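Encoded as structure tokens, the structure appears first; notes follow it.
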Amino acid sequence: MGVDITAVIVDWTELENIPVLERERALIEAADPDDYDGALEDGWAWLPPTPEPFPAWCARYEFGGTLGSFKPHFWAGERWEAVREHVPADLRTALDTFLAGLTWVLPGTYSDPQDEDDAEFWYDAMWVYCPPPDVPALTQAWTIAGPQLQALREPFDIHAAAPGNWVGTFEEFTALLHGWAEVVAEAHHRGWGIIGLPI
């Protein structure tokens, strides 16, 4: 059993108005309502104003080609580890900051989570989130890294390419980065935070 990951941007004021012990349930229900039967396509599943049953204080982002799985995020982190020592220092620093949110690597986790025990650990331990005050740092990191992505092509092809595998090409890697940039930009624009949900 693999682990899924869902990125949501959240109006932090609304979130903080929900009792602490009810927040997890409220976030999961907001991101995946029980009474929603429609298909969720790549990109924004909804943004306010929203159709029922989605709330106006939360928006879900579907990364293209991931089917909601955590695996592409994990493998993006692995590809970056293979490349990072071969890129200019300013780009390395910016992408280290920017990718800290996208890859969601658990402390002490060194392999791709595959079984129910790993999934349970992830669900119980993970509340990787980025409150609104931390979002501008991601925005700034992308401002530096985004225009320089083509500088990654050659080192990626030499040190990280694994065609046919998860995030095995430069295009797949940068597509995931652009998706994360869209999440960060929307959260920054709205003054919202970002949360990764294990659903």
Amide H contacts under 5 Å for W44, placed H, 5+ residues apart: E62
Report the local net charge at P88: Lys and Arg +1, Asp and Glu -1, summed over other residues whose C-beta lies under 15 Å from its C-beta. -1
Scoring only Lys, Arg, Asp and Glu (+1, +1, -1, -1) among other residues with Cβ under 13 Å from the Cβ of L176 yields -4
Most to least accessible of E62, E81 (protein chains only, probe 1.4 Å): E81, E62
Mind ranking I28, I158, I9 by accessible surface for me, highest first, 1.4 Å probe? I158, I28, I9
Could you pull the accessible area for H188 with a 1.4 Å probe, rounded to 10 Å²? 90 Å²
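The values are calculated or read from the model by the stated rules, or taken from the named source; none is laboratory data. This is a predicted model, so every value here is computed, not measured. Positions of Cβ are backbone-derived with ideal geometry, glycine not excepted, and every protein chain shown enters the neighbour counts. With ligands, DNA and RNA removed, areas are computed over all heavy atoms of the protein, side chains included. Shrake-Rupley method; radii C 1.70, N 1.55, O 1.52, S 1.80 Å.
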